[in-house]
Amino acid sequence: QVQLVESGGGLVQAGGSLRLSCAASGRRFSSYVMGWFRQAPGKEREIVAAISWRNIYTYYADSVKGRFTISRDNAENTGYLQMNSLKPEDTAAYYCAAGTDWDSKKGTSGYLYWGQGTQVTVSS
């Protein structure tokens, strides 16, 4: 079992930055793929970024490439999502998740554990 707690969300103007954190507890965090997802009202939850067990591989959705950076500190059991050049369309609840299969990183079914989410609102 892994417990995940996100933090760092908030209200920011377009063009601004936020850094989300995901604190993990329970089973060894470094054993899991970590993903960040987001869900806007009335829309499906979508992948934003993912990072492999030992920071070797990363994946980004096309909509955030060049603006967001995913990272993790396995010694601290914490994952991060640095979000720069934010746009109003980035407004959503953001969730971190832990899974075991890198090949399944893009879908919600590829993840076993989820945090409760943190709200990001970008004003124009």
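The values are calculated or read from the model by the stated rules, or taken from the named source; none is laboratory data. Computed from a predicted structure; not experimentally measured. Virtual Cβ from ideal backbone geometry, glycine too; neighbours counted across all protein chains shown. Just so you know, the surface numbers come from the protein's heavy atoms only, side chains and all, with ligands and any DNA or RNA stripped out. Shrake-Rupley method; radii C 1.70, N 1.55, O 1.52, S 1.80 Å.
Farthest toward the positive end of the dipole of the chain, out of G10, N77, T108, is the Cα of N77, where the dipole comes from beta carbon charges about the Cα centre. Take the range 37-116 with all the other protein chains still there, run a 1.4 Å probe, and you get 53 Å² of accessible area per residue. For the range 28-69, the set of chymotrypsin sites (Phe, Trp or Tyr not before Pro) satisfying both a DSSP loop assignment and a count of at most 13 other C-beta atoms within 10 Å is given as Y57.
When the chain is treated as a Gaussian network with alpha carbon springs shorter than 10 Å, the biggest mean-square fluctuation among A92, A75, A24 belongs to A75. Taken one residue at a time, the phi angles of the range 2-13 give Karplus couplings (6.51, -1.76, 1.60, θ = phi - 60°) of 10, 9, 10, 10, 8, 7, x, x, x, 9, 9, 7 Hz. Gly and Pro are set to x.
Restrict the search to the range 31-124; then list the trypsin sites (Lys or Arg not before Pro) that DSSP places in a loop and that have at most 11 other Cβ atoms within 10 Å of their Cβ. Passing sites in the range 31-124 are K43, R54, K65.
Within the listed set G107, G26, G15, the Gaussian network model of the chain (springs between alpha-carbon atoms below 10 Å) gives the highest mean-square fluctuation for G26.
Listed by chain and number, the lysines whose alpha-carbon sits under 17 Å from that of K106, ignoring those within fewer than 8 places in the same chain, are K43, K65. Taking the Cα centre of the chain as reference, the dipole from Cβ charges on Lys and Arg (+1) and Asp and Glu (-1) amounts to some 120 debye.
Distance between the C-alpha centres of the range 45-60 and the range 90-111: 8 Å, rounded to the whole angstrom.
Of E76, E44, E6, the residue with the largest accessible area leads and the full order is E44, E76, E6 (1.4 Å probe).
Give the carbon-plus-sulfur fraction of the accessible surface of the chain in %, rounded to a whole number; probe 1.4 Å, heavy atoms of protein chains only.
Numbers: 2820 of 6320 Å².
That share works out to 45 percent.
Below 8 Å between Cα atoms, with a sequence gap of 6+, how large is the relative contact order for the range 1-96 in percent?
34
When the Gaussian network model of the chain links Cα atoms closer than 10 Å, the mean-square fluctuations of G79, G66, G99 top out at G66. The phi-based Karplus calculation (6.51 cos²θ - 1.76 cosθ + 1.60; θ = phi - 60°) puts the 3J(HN,Hα) values of the range 59-73 at 9, 10, 5, 4, 5, 10, 4, x, 10, 10, 9, 9, 8, 8, 10 Hz, whole numbers, x for Gly and Pro.
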